[in-house]
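K.L.:
I'd like to ask some things about the structure below.
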Amino acid sequence: MLVYREDTPASMKTIISLSVLFVLLAIFYPLLTSFFLHDTVQSPSIESQVLGALLSVENISTVVPCGLVAVGYNSNLDLIVNALDLMGNMGLAKPNFDHGKSTKHPAEVSAEIEREGIDEENKRHQHSEPPATWIDAERLSNLTDFRQVFGYFFQTGSAAERFADADVWSKILTRASQLEHKIYFTGGNAGLIANRFAQEGCKSVILGGAVGGKLSELLHPSVVVPQRTDIQYDKATARSNQAEDEVHLIMEYPRGAHFNGLKAPRANRFIVHSDTTNAELKLMQPFHTLLTEKISQGQFPQVVVISGFHLLDVQTSEMQKSSIDAALSYFTDDNQLPRSVPIHFELASMKNGEFIRSLAEKLLPRVDSIGLNEQELGSFYLAMGGKRYTLEQFAHPEVRTVLDALQFIYNVVSHTRSGRHVTRIHFHCLQYHILLTPNDSKDSWGSSPAAVTAGSLTATRQACDNDNIQQKDTELQVSLSIEKGEYGTEDILLEGGHAVHSWKEGQVTFSFAPVLVCKVPLKTVGLGDAISAVGLLRHLPFTSK
């Protein structure tokens, strides 16, 4: 306490007391506010702001009612396994490397491998050193190819799909079927998109793909399957169109998983199959026969989605050409497919540069919409003559790289005008999504911000396996500003409640949405197809028939 002399004036005592009070407040005020207001003054995280912005766009978006839609030409039964479990079980992962979630050490299965007769080539892999360079191949002819190509994509965390010859496929599928932890799921781009359309409320979905007994049970009740006349088969169920399912093996792995000295930079999957039914697009004709029948009855689909052409990647050039020509005969015939019905082309992983060029020259200019990821963007950009960027730059592309590549592809395909022409390209990668539309196409599609937002939220919800996105389970992995290039130097700042942006560059408009990346992804298979399906439905105009 303060002690004053008896002769100290009262006014002086007041001044001294106030001065001491002010000093004490200056010292202790910050501590007091920090203690009492700690939880209330913290600024919301950038993830929280982005989530709020994305949900705000979603909440004000108008959804066009969905009646009839059609999707071809590939569907199959997916067998989903942990990639590292399988590689360890087959003896293709070195015993002295941590290979992720495998429940059995490769050394423990070596005796079983020998007893069951998996050949000497397989056993050699158990003790061989990891290759200095991992190599890609168009098709898997043996277990060496299987191991090498898996490692090639695993090291960059890139999704890929490859065809396996019958002998090696039999060995892989046998081992995968024996794993304790496995899931059967609807597969194929068309099958996944068709099911998603139905889940989103479309009343009738025509699916042109191979459907056996187990797959037919996994399809939504609104999905209609055309019957085949090219083969004789015993129907397993009312909706099956062949005796057995075509199985595709989905090998998933988590971010940070280890395989033979490699570490996965992100969660993803590697797909292997030996599917000849879909690989030869044998459901194309039955699909269009049923679709033409519907149209002749006045039932016009709101959109037709085509996919599965990547399965032709390993076919002969004659088979590739005949399939492309068959598709073109449907796309260019107004009686088969009226110009008023938009066609969306969903791309997938391909290796054959000549075939990619053929698709780019013949099919891309004759569709209305394209969906693709970073790997497909890089492949098509280079195959179509792009020079500024290398394929490696598309492994984890900068936003500017994607913008330039999308505009380059649009410029190339838009030079060919044959009734239809591309008015929409939807790009999606782990960190962000971008929609390109020509400036003069506003009547062709609905709201681009709404569509790109729908795709972004779909990615997070499915990857986290939770419709109610929890900000704590996600992280933002894209830069907080985006270079607009030669058309403007102003950055697009993801702050102030604005996470979705649209701007013009030359003759096109870009719409951008960041993705809240799931920290522990639970469901990656079919993610790209779900993104494209929802984004496409949210982009349909009210004028669609």
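K.L.:
Does THR186 satisfy the criteria of being among the β-branched types (Val, Ile, Thr), open to solvent by 30 Å² or more (accessible area, probe 1.4 Å) and not in a loop (DSSP other than H, G, I, E, B)?
P.N.:
Judged against the criteria, THR186 is not a match.
K.L.:
Looking at segment 248-267, which of the residues that are at positive phi and open to solvent by 10 Å² or more (accessible area, probe 1.4 Å) is nearest to the chain's Cα centre (by Cα)?
P.N.:
Here the answer is GLY256.
K.L.:
Do any strands (runs of 3 or more DSSP E) entirely within segment 467-545 hold 3 or more residues that are in contact with a helix residue (DSSP H, G or I) (Cβ under 7 Å, 6 or more places away or on another chain), at pLDDT 85 or above and of a type outside the set (Gly, Ala, Ser), and if so, which?
P.N.:
474-476, 508-514
K.L.:
Considering only residues that are touching a residue at least 40 places away in the same chain (Cβ under 8 Å) and either open to solvent by less than 20 Å² (accessible area, probe 1.4 Å) or among the basic types (Lys, Arg) (or both), which ones fall in segment 164-183?
P.N.:
Matches in segment 164-183: ALA164, LYS171, ILE172, ARG175, ALA176, LEU179, LYS182.
Listed here are the residues, each with its yes/no results for (1) at pLDDT 95 or above; (2) touching a His at 6+ places or on another chain (Cβ under 7 Å); (3) more than 19 Å from VAL247 (Cβ to Cβ); (4) of a type in the set (A, V, I, L, M).
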{"site": "PRO130", "(1), (2), (3), (4)": "no, no, yes, no"}
{"site": "TRP134", "(1), (2), (3), (4)": "no, no, yes, no"}
{"site": "GLU138", "(1), (2), (3), (4)": "no, no, yes, no"}
{"site": "ARG147", "(1), (2), (3), (4)": "yes, yes, yes, no"}
{"site": "THR156", "(1), (2), (3), (4)": "no, no, yes, no"}
{"site": "ALA159", "(1), (2), (3), (4)": "no, no, no, yes"}
{"site": "VAL168", "(1), (2), (3), (4)": "yes, no, no, yes"}
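K.L.:
If you go through segment 277-286 one residue at a time, how many are touching a helix residue (DSSP H, G or I) at 6+ places or on another chain (Cβ under 9 Å) and part of a helix (DSSP H, G or I)?
P.N.:
Of the residues in that region, 4 qualify.
K.L.:
Here's something else I'd like to know. Determine if segment 232-247 includes at least one residue that is under 24 Å from the mean Cα position of the chain (by Cα) and part of a strand (DSSP E or B).
P.N.:
Taking every residue of segment 232-247 in turn, at least one turns out to be under 24 Å from the mean Cα position of the chain (by Cα) and part of a strand (DSSP E or B).
K.L.:
Does segment 418-428 contain any residue that is free of Cβ contacts under 8 Å to residues at least 24 places away in the same chain and under 22 Å from ILE531 (Cα atoms)?
P.N.:
For segment 418-428, residues free of Cβ contacts under 8 Å to residues at least 24 places away in the same chain and under 22 Å from ILE531 (Cα atoms): absent.
K.L.:
Quickly run through segment 139-163 and pick out the residues that are hydroxyl-bearing (Ser, Thr, Tyr) and surrounded by fewer than 19 Cβ atoms within 10 Å (Cβ to Cβ).
P.N.:
SER141, THR156
K.L.:
Give me the residue from segment 66-75 that is assigned to a strand (DSSP E or B) and either basic (Lys, Arg) or out of contact with any Leu (no Cβ under 7 Å at 6 or more places or on another chain) (or both) and, out of that set, least open to solvent (accessible area, probe 1.4 Å).
P.N.:
VAL69
K.L.:
Any chance segment 249-263 includes a residue that's modelled with pLDDT of 95 or more, outside any loop (DSSP other than H, G, I, E, B) and under 15 Å from LEU311 (Cβ atoms)?
P.N.:
Yes, there is a match, as at least one residue in segment 249-263 is modelled with pLDDT of 95 or more, outside any loop (DSSP other than H, G, I, E, B) and under 15 Å from LEU311 (Cβ atoms).
K.L.:
How do the pairs read when you match residues in segment 70-89 that are without any contact (Cβ under 8 Å) to a residue 60 or more places away in the chain and under 27 Å from THR289 (Cβ atoms) with residues anywhere that are open to solvent by 10 Å² or more (accessible area, probe 1.4 Å) and not aliphatic (A, V, I, L, M), using Cβ under 8 Å and keeping only pairs 6 or more apart or on different chains?
P.N.:
Filtered contacts from segment 70-89: no entries.
K.L.:
While we're looking at this one, here's another question. Among the residues that make up segment 394-411, is at least one of them among the charged types (D, E, K, R) and either open to solvent by 50 Å² or more (accessible area, probe 1.4 Å) or in a loop (DSSP other than H, G, I, E, B) (or both)?
P.N.:
yes
K.L.:
Against the condition open to solvent by 30 Å² or more (accessible area, probe 1.4 Å) and either more than 16 Å from GLY191 (Cα to Cα) or in a helix (DSSP H, G or I) (or both), how does PHE270 come out, does it pass?
P.N.:
no
K.L.:
In a helix (DSSP H, G or I) and open to solvent by less than 40 Å² (accessible area, probe 1.4 Å): which single residue out of LEU337, LEU382, LEU312 fits that description?
P.N.:
On inspection, the qualifying residue turns out to be LEU312.
K.L.:
Sticking with this structure for a sec: If ASP325 satisfies all but one of (1) under 25 Å from ASN411 (Cβ atoms); (2) open to solvent by 30 Å² or more (accessible area, probe 1.4 Å); (3) in a helix (DSSP H, G or I), what's the number of the condition it fails?
P.N.:
(1)
K.L.:
Turning to a different aspect of this structure: With the structure loaded, tell me whether LEU391 is open to solvent by less than 10 Å² (accessible area, probe 1.4 Å) and over 30 Å from ASN335 (Cβ atoms) or whether it fails that test.
P.N.:
So LEU391 does not fit the description; no.
K.L.:
For segment 172-192, indicate whether the set of residues that are under 24 Å from ILE531 (Cα atoms), among the hydrophobic types (A, V, I, L, M, F, W, C) and more than 17 Å from the chain's Cα centre (by Cα) is non-empty.
P.N.:
The answer is yes, given that some residue of segment 172-192 is under 24 Å from ILE531 (Cα atoms), among the hydrophobic types (A, V, I, L, M, F, W, C) and more than 17 Å from the chain's Cα centre (by Cα).
K.L.:
Quickly run through segment 412-425 and pick out the residues that are open to solvent by 30 Å² or more (accessible area, probe 1.4 Å) and part of a helix (DSSP H, G or I).
P.N.:
Answer for segment 412-425, where residues must be open to solvent by 30 Å² or more (accessible area, probe 1.4 Å) and part of a helix (DSSP H, G or I): just VAL412.
The values are calculated or read from the model by the stated rules, or taken from the named source; none is laboratory data. No experiment lies behind these values; they were computed from the predicted model shown. Ideal geometry is used to build each Cβ from the backbone, glycine not excepted, and the neighbour counts take in all protein chains shown. Ligands, DNA and RNA are stripped out before the accessible areas are found, and what is left, the full protein with its side chains, is counted by its heavy atoms. Shrake-Rupley method; radii C 1.70, N 1.55, O 1.52, S 1.80 Å.
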